[in-house]
1. Given R₀ = 51 Å, FRET efficiency for Trp322-Val159 by Cβ-Cβ distance, to 0.05?
2. Cβ neighbours within 10 Å, averaged per peptide: list 304-312, 101-109 in order, most packed at the top.
3. Give the cross-link partners of Lys341 among the lysines, using a straight C-alpha distance below 27 Å as the criterion and excluding same-chain residues fewer than 8 apart.
4. For helix 262-275, what angle does its Cα long axis make with the longest principal axis of the chain, in degrees from 0 to 90 and rounded to 10?
5. Could you give the dipole magnitude of the chain about its Cα centre, charging the beta-carbon of Lys and Arg +1 and that of Asp and Glu -1, in debye to the nearest 20?
6. Write down the radius of gyration of the chain and its Dmax, each obtained from C-alpha positions, in Å.
7. Rounded if a/c is under 1.5, else prolate if a/b is larger than b/c, else oblate: which is segment 262-365, with a ≥ b ≥ c the root eigenvalues of its Cα gyration tensor?
8. Classify segment 9-63: rounded, prolate or oblate, from the alpha-carbon gyration tensor (a ≥ b ≥ c, eigenvalue square roots; a/c under 1.5 rounded; otherwise prolate if a/b is larger than b/c)?
Amino acid sequence: MPFQQKFSNEELVTFLSAKGTEINSDQIKEAAAHFGVKTQSVTKRLGKHPQFTKGSRGVWNLTVAEKLEQSYQAPAAVPAVEDLVPQKDPNYVPFGNFADVKKIVQSGMFYPTFITGLSGNGKTFSVEQACAQLGRELIRVNITIETDEDDLIGGFRLVNGETVWHNGPVVEALERGAVLLLDEVDLASNKILCLQSVLEGKGVFLKKIGRYVRRAPGFNVFATANTKGKGSDDGRFIGTNVLNEAFLERFALTFEQEYPSPKIEQKILEKAASSLGVLDEKFCENLSNWSDIIRKTFRDGGIDEVISTRRLVHIIRAFAIWQDRMKAIKVCVNRFDEETKTSFIELYDKIDADVVTQEVADDQQG
C-alpha cells in the first residue's frame, strides 16, 4: 500500500528545521503530534526525503547542502522593491560638492568616490538628492564594525523550508546599474575588503552559488565617512577604524565636505521652517551666524564641539513644537557637556537681543 501523505514535505522541513540540524526521537514525536499522524509516518517520510540522513540511533541529520544550487533562484530571492530612486526633497539646498557629485552620477562612468567631512554636513544627503534629481536608483548601506560579506554580497536564507539565495545590496546594485552608497564606511572592519573586485569595476564572483555578476552600465560606488580612513586621533569619532590602504586606494577621488556658508545655511533653515509653517527669518539668520562663530572657534582650537547643519534643523523642528526660540535651542544642545552647553546658550543670548531666557521669563511671571 503506498505511503499516504497527510502533510507536505515542505511543512515537515519547516517544522523540523526550527529544531536544529539534528532531529532526535522526541522531536519526531513532536512533529507527529503536530501533524496528527503516527510517529512511524514521520519516520517513513524522513527516510524518503533527500534532506534527511540517518545518524546515530534515534537521530536524523537535516542538511541543506543538496538544495543550495537548485533553490538560489527561487521566487523569494526576487527583490521586493522595484523602484529605488530616492524622492526629491523640495527643501534641499545644493552646496559644497553637490554639483560635482551630480556630474559624476550623470556621467554614468564607474568612478568610485570618497566623501569625508564632519558629522551632519550633508554628505549622504548630497548623493541621495543627486540621484533623486537624475532619476537614478540608489542603494544605501549603513556600515558598522559587524558588516561582513554576507551583509554586503548576500547569502542563503531559510524561507518556508527552502534554502534560498538572497542578493546582498552590492550584488543588487551591480545587477541594476544602481548607485551604491557605503555610508559611514570608516566604521568598517577589514571584512569590507570583500569589495575589492567591485571597487575595481570587475564585478564579483558569488562562490557559494558559482555565479559571476558583472556590473551593469551606470553602476558606481560612493562612500561617506567622518575621517579619511585613518582613524580619529582626537576621539571625536569613537568607533572609526584605520581602513586598509589597498581599499582606500581604489577610490578614484576624495571630496572634503565643509559646512555651508552662513547665507546658504540660513536658506536651508528658512526652507525647513517654511515647510513646518513657522518661518522666522530673523531666528534663522541668528542661528546661522551663531553656528558660524562656534565653528570658527572650533577650528581655532577654542572648543571641542560644533553645531552641525543637521542640529540646526533639529532646532527649527523643536521651535515648530514649542514656538520658543531659547527652549528649542536648549533641548537640542543638551547632548553636550554642561560647560559646552552653557557657553553655546550664552553665545546665542548675546546674538539674539529678542530672545527670552528662562530666568527672564520667571522674573516676568513673578
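Just so it is clear, none of the values below were taken in a lab; they were calculated from the coordinates. In this text, all values refer to a predicted model and were calculated from it rather than measured experimentally. Counting neighbours? That spans all protein chains shown, and the Cβs are built from the backbone with ideal geometry, glycine included.
1. Computed FRET efficiency for Trp322 and Val159 comes out at 0.60.
2. Ranking, from highest mean packing down: 304-312, 101-109.
3. Lys123, Lys263, Lys267, Lys271, Lys282, Lys296, Lys327, Lys330, Lys350
4. Roughly 60 degrees between the two axes.
5. Value, rounded to 20: 2080 debye.
6. Using the Cα atoms of the chain, the pair Rg, Dmax is 28.2, 96 Å.
7. Note, shape of segment 262-365 comes out oblate.
8. Rounded, since a/c falls under 1.5.
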